[in-house]
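Novice: Pasting in a structure now, in structure tokens, and then I'll have a few things to ask.
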Amino acid sequence: MLLYNPEAGRIRSRAGMLHRLLALLRHHIPDIEAAPTQGPRTAGRIVREWIDKGAELVCVAGGDGTVNEAAEGIAGTGVPLLVLPAGTANVLSCEIGTGNNPFDVASRIGQMHPADVAPGVLRSNEGERLFLCMAGAGLDARIVRQVSPAWKRRLGKLSYWQGGLAQLGRRLEVFEAEVDGRRHACSFALMARVRNYGGDLWIARHANLLEDRLAVVLFEGPSSLRYVKYFAGVLLGRLDGMRGVRVLSAQRVRIRALDDPVIDLQVDGEHAGFAPAEIGLSLKRIRLLVPPRYAEAMSARIHEAESSVLRGAQRF
């Protein structure tokens, strides 16, 4: 089945895009059928209903938020997921190297390889949310909450940049992030499964979707002006070792408010409520279709890391 979000940026703005995409997919899968989402938080239910009826492949045309919701319906089923980028940032597609062209991805469906990945999971008072890209607490989640849907539709990714610039000069909320039992005070915590952030930046450069761990980056301090320095570190790839920044790996992160009771949360670019929260890895895996070069590159990184640990142990 092809699940699509009728409100996704390019589907809404480009007449006939969905019909062209469906026609292209039918060259490879003649019996594929399309179904729209029916509003927020409906994608997971719709996907699960189609799987229960016998769907053996789920293609999702939309943004990272739509993919995030669909993941909740497909996790643990073993049914493959193909992401067709049609949203604002398309972080997951940028991460795995399929780019921003859904037609190009659809035309190469026969070349994709399955990779079983462990999605992240955020648990809060609002329930449980899976994520394939990232969860955030503090500054970035506040920006996500404050960006209006109208601005997002009109400006796309620029709406988030505008929201970020609006934070300069204001005092940020400081909270506690407990990373595998060790406590840190910060104003922005990123728990990532991917290196890509927002489609343009790499913050968690040590993230690897094929590894069963969270890549964690913590930014300290209540001053928003510090983030000018932090942003330069992101651009130069020099966050690791920068004063005020902690680059970590973890199995579990707990977020707790300190003085300010309102600490925003986000998953894959969608607001996900407020702290307290716990972020970890889900036991329900997702079979994601990825280009062979991505699977090879990430597997090579795992092998290199394991070899480095082994060499260190031998020296010890």
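Novice: Do you know which of the residues in the range 203-246 that are hydrophobic (A, V, I, L, M, F, W, C) and touching a Gly at 6+ places or on another chain (Cβ under 8 Å) is farthest from E296 (Cα to Cα)?
Specialist: Taking the range 203-246 and keeping what is hydrophobic (A, V, I, L, M, F, W, C), we get 203-204, 207, 209-210, 214-219, 225, 228, 231-232, 234-236, 239, 242, 245.
Next, only the ones that are touching a Gly at 6+ places or on another chain (Cβ under 8 Å) stay: 214, 219, 225, 239, 242, 245.
Working: L214: 20, F219: 32, L225: 40, L239: 26, M242: 31, V245: 30 Å.
Result: L225.
Novice: Ok, one more. Tell me whether the range 39-49 contains one or more residues that are under 26 Å from G120 (Cβ atoms), more than 22 Å from the chain's Cα centre (by Cα) and crowded, with 18+ Cβ neighbours inside 10 Å.
Specialist: Step one: list which residues in the range 39-49 are under 26 Å from G120 (Cβ atoms), which gives 39-49.
This time we only want the ones that are more than 22 Å from the chain's Cα centre (by Cα), so: 49.
Filter once more, so that each one left must be crowded, with 18+ Cβ neighbours inside 10 Å: none.
No, because not a single residue in the range 39-49 is under 26 Å from G120 (Cβ atoms), more than 22 Å from the chain's Cα centre (by Cα) and crowded, with 18+ Cβ neighbours inside 10 Å.
Novice: Within the range 92-102, take every residue that is in contact (Cβ under 8 Å) with a residue 24 or more places away in the chain and not in a loop (DSSP other than H, G, I, E, B) and give me the one that is farthest from the chain's Cα centre (by Cα).
Specialist: Here the answer is P102.
Novice: Can I ask one more? Against the condition touching a helix residue (DSSP H, G or I) at 6+ places or on another chain (Cβ under 6 Å) and at pLDDT 95 or above, how does V179 come out, does it pass?
Specialist: On the way: touching a helix residue (DSSP H, G or I) at 6+ places or on another chain (Cβ under 6 Å): no; at pLDDT 95 or above: yes.
When the stated conditions are applied, V179 does not pass them.
Novice: Sort through R48, R108, R41 and tell me the only one that's at positive phi and in contact (Cβ under 8 Å) with a residue 12 or more places away in the chain. Lay out the reasoning, then the answer.
Specialist: Working: R48 fails: at positive phi; R108 fails: at positive phi.
Being at positive phi and in contact (Cβ under 8 Å) with a residue 12 or more places away in the chain holds for just one of R48, R108, R41, which is R41.
Novice: Another one. Filter the range 188-205 down to residues that are touching a Phe, Trp or Tyr at 6+ places or on another chain (Cβ under 6 Å) and surrounded by 23 or more Cβ atoms within 10 Å (Cβ to Cβ) and give me whichever is farthest from Y227 (Cα to Cα).
Specialist: Keep residues of the range 188-205 that are touching a Phe, Trp or Tyr at 6+ places or on another chain (Cβ under 6 Å), which gives 188, 195, 203.
In the following step, the residues that additionally are surrounded by 23 or more Cβ atoms within 10 Å (Cβ to Cβ) were identified as 188, 203.
Working: F188: 10, I203: 13 Å.
The selected residue is I203.
Novice: Separate question: Return the only residue of A89, A135, A141 being assigned to a strand (DSSP E or B) and closer than 22 Å to W202 by Cα.
Specialist: Numbers: A89 fails: assigned to a strand (DSSP E or B); A141 fails: assigned to a strand (DSSP E or B).
Result: A135 is the single residue among A89, A135, A141 that is assigned to a strand (DSSP E or B) and closer than 22 Å to W202 by Cα.
Novice: Go through the range 241-268 and count every residue that is over 15 Å from G138 (Cβ atoms) and not hydroxyl-bearing (S, T, Y). Before you say what the answer is, go through the steps one by one.
Specialist: The initial filter retains those residues of the range 241-268 that are over 15 Å from G138 (Cβ atoms), namely 241-243, 247-252, 268.
Those still in the list that are not hydroxyl-bearing (S, T, Y) too: 241-243, 247-248, 250-252, 268.
Number of matching residues: 9.
Novice: How many residues does the range 275-300 contain that are out of contact with any Leu (no Cβ under 8 Å at 6 or more places or on another chain) and either at pLDDT below 90 or in a helix (DSSP H, G or I) (or both)?
Specialist: Of the residues in the range 275-300, 6 are out of contact with any Leu (no Cβ under 8 Å at 6 or more places or on another chain) and either at pLDDT below 90 or in a helix (DSSP H, G or I) (or both).
The values are calculated or read from the model by the stated rules, or taken from the named source; none is laboratory data. Owing to the predicted nature of the structure, the values given are computational and were not obtained by experimental measurement. We place every Cβ from the backbone using ideal geometry, glycine too, and count neighbours over all the protein chains shown.
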